[in-house]
Amino acid sequence: MPLESFIDVPADSHFPLENLPFGVFQPKGGNSRVGVAIGDLIVDLSILEGLGHFRSPEFQAHPVFSEDSLNSFLALGRPAWRKTREILQYLLSAETPTLRDDVRLREKAFHAQKDVTMKLPTRIGNYTDFYSSYHHAHNVGTMLRGPENALMPNWKWLPVAYHGRASSVVISGTDVRRPHGQIKPPDASAPAFGPTKSLDYELEMAFLIGPGNSLGEPVPIDRAIDHIFGFVLMNDWSARDIQAWEYQPLGPFLAKNFCTSISPWVVTLEALESFRKSLPSQDPEPLPYLRAKNDFTFDIHLEARLQTSSMDSSSVITRTNFQNLYWSIAQQLAHHTVNGCNLQPGDLLASGTISGSNEESRGCMLELTWRGANPLKLPNGETRKWLEDGDTLIITGWCEGDGYRIGFGEVSGKILSAG
Ligand code: MN
C-alpha cells in the first residue's frame, strides 16, 4: 500500500512519499539550497532546518541545508540521512498537522518544481566511470577484436574504470555543443581536424559518495555501502571517431571529457531498499577483497528516448535494467579504494553503459547501430547512425513498487552544432 501524504501525488509520479530524493534548487530571486521532491513540489529543507526540525545528535555539522550543495549533508553519513528521511516522512504524512494546517509555513516551505532552477546536487571533486556491463563490454570488444577476443583478460577479475573529468559534469537540460577533435578514418594516412561525425550517448547510472576514506586506508567491501548516499541517471556523451584515434594506450580522453550530464534528484539507498536483488553469479570467483557477505544489485527499469527536431514527441530507443551490471556498487567502491585511493563526499562514480542481452537493451548508438552499419529507424521515417544537431536525448528510470513508483526523473540534453 502506498504511503499517504497531504500533498497530492499523481499515481504515475516519480516522487511519492516513499522516494523523497534530494537535490539542490534555486528559487526565483533566491539562493541555491537543498530540497526534497514530493509529487510536483519541492520541500525547502533550509526552511525546516531554520525552524529546528533537524536538531538531533545525528546532525553534528549544522546547518547543512542552506548550502548550495549536498556535500556537508553527505559527509554526515547514514545516521543523519536516515533521520532526515524519518522526519520528512512524518512531516509530509497525511496525519501530521505541522505543515498540513499551517498555510503561511506551506507558502514558504514548498516550491513548484516548474518554478525553480535545478543545480548540480554536489560539488563533484572527482568523477570515475566504470565499464561494468558484460554485454556492453562484449559488444564493443566484438566490434574491435572479434567475438573470440571480445573481453580483455582482466575484465572478469576487476571492475575496469577510467578517471573522468569532474569540471564538465553538467545538470540535465544543459545543451551539448558538438565537439571538435582529431579524427582519422581507417583508410586515411593522417588525421584531420573537425567536428565529430559520430556523437553518441551512453545510458548510465552513477552513485554519489557520502563520507570519504582517508588516503592510504582502503574501504573493506562489507563497509562499502556506508560510503554510498544514492543514485542519479547519467549520460556519458561520447565522440566515437575521436575516441577510436586517441584511446590507445591510456584510455578515453577528449572523446569523453567535453560533457557528462546527470539528473538533478538523488534517490537514496534507503528509498531503493525494497528493490534490492541478489547479484548474478560471478565466474571466476572474484578475489577475496571483492567478495561481500551479502552483495546486491537493484531492479531499476531504464529507458533512453530520442527526439529529433522534426518529431513531435520522443521515441524509446533503449530499454534496459540496472540488474544487467556484472559488478556491484560495493565491489566498485572496494576496488576503487583497495590501493588506498581516497574518495571524498560528493564524488561521482558511474556504472558504465548499461546494456543487456537483447538488441533493444543496448545502451548507446555504437551498439544499437553496430558502429553505424545498421541505422536506427525512427517512427517518423528518419534514420540515425549517430546523434545529429537538434536531437534531444532523454534518459529516465524507475523502480516499480506495489501501487507506487520510485523514480529518478530524467536527464536530458540537446545537441547544438559545432559552430
Ligand atoms: Mn561511459
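The values are calculated or read from the model by the stated rules, or taken from the named source; none is laboratory data. Worth saying up front: this structure is predicted, and the values here are computed from it rather than measured. Virtual Cβ from ideal backbone geometry, glycine too; neighbours counted across all protein chains shown. All accessible areas refer to the heavy atoms of the entire protein, side chains included, with ligands and DNA or RNA removed. Shrake-Rupley method; radii C 1.70, N 1.55, O 1.52, S 1.80 Å.
Values for this structure:
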read-out: Spans of strands (runs of 3 or more DSSP E) in segment 133-232 with at least 2 residues surrounded by fewer than 17 Cβ atoms within 10 Å (Cβ to Cβ); value: 161-163, 180-183, 192-195
read-out: Candidate set from segment 247-290 (those that are assigned to a loop (DSSP other than H, G, I, E, B), more than 14 Å from the ligand (Cβ to nearest atom) and charged (D, E, K, R)); member that is nearest to Ile228 (Cα to Cα); value: Glu270
read-out: Selected residue (criterion: farthest from the chain's Cα centre (by Cα)) from residues of segment 20-46 that are more than 16 Å from Ala94 (Cβ to Cβ) and assigned to a loop (DSSP other than H, G, I, E, B); value: Gly29
read-out: Looking only at segment 192-230, and only at residues there that are in contact with a helix residue (DSSP H, G or I) (Cβ under 6 Å, 6 or more places away or on another chain) and over 24 Å from Ser328 (Cβ atoms), the one that is farthest from the ligand (Cβ to nearest atom); value: Lys197
read-out: Criterion: touching a residue at least 40 places away in the same chain (Cβ under 8 Å), more than 18 Å from Asn19 (Cβ to Cβ) and assigned to a strand (DSSP E or B) - qualifying residue of Thr122, Thr128; value: Thr128
read-out: Failed item in (1) without any contact (Cβ under 8 Å) to a residue 12 or more places away in the chain; (2) farther than 20 Å from His136 by Cβ, with Tyr247 passing the rest; value: (2)
read-out: Residue match in segment 379-394 (condition: among the polar types (S, T, N, Q), open to solvent by 60 Å² or more (accessible area, probe 1.4 Å), farther than 22 Å from Phe231 by Cα and not in a loop (DSSP other than H, G, I, E, B)); value: yes
read-out: Meets criteria (within 30 Å of Asp40 (Cα to Cα), more than 16 Å from the ligand (Cβ to nearest atom) and not polar (S, T, N, Q)) for Asp389; value: no
read-out: Which listed residue, of Ile183, Ile242, is farther than 22 Å from Ser132 by Cα and within 16 Å of the ligand (Cβ to nearest atom); value: Ile242
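Each row is one residue, and each column tells you yes or no for (1) under 22 Å from Met234 (Cβ atoms); (2) more than 23 Å from the chain's Cα centre (by Cα); (3) open to solvent by 40 Å² or more (accessible area, probe 1.4 Å); (4) of a type outside the set (Asp, Glu).
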{"site": "Asp283", "(1), (2), (3), (4)": "no, yes, yes, no"}
{"site": "Pro288", "(1), (2), (3), (4)": "no, yes, yes, yes"}
{"site": "Arg291", "(1), (2), (3), (4)": "no, yes, yes, yes"}
{"site": "Asn294", "(1), (2), (3), (4)": "no, yes, yes, yes"}
{"site": "Phe298", "(1), (2), (3), (4)": "yes, no, no, yes"}
{"site": "Arg305", "(1), (2), (3), (4)": "yes, no, yes, yes"}
{"site": "Ser313", "(1), (2), (3), (4)": "no, yes, yes, yes"}
{"site": "Val316", "(1), (2), (3), (4)": "yes, no, yes, yes"}
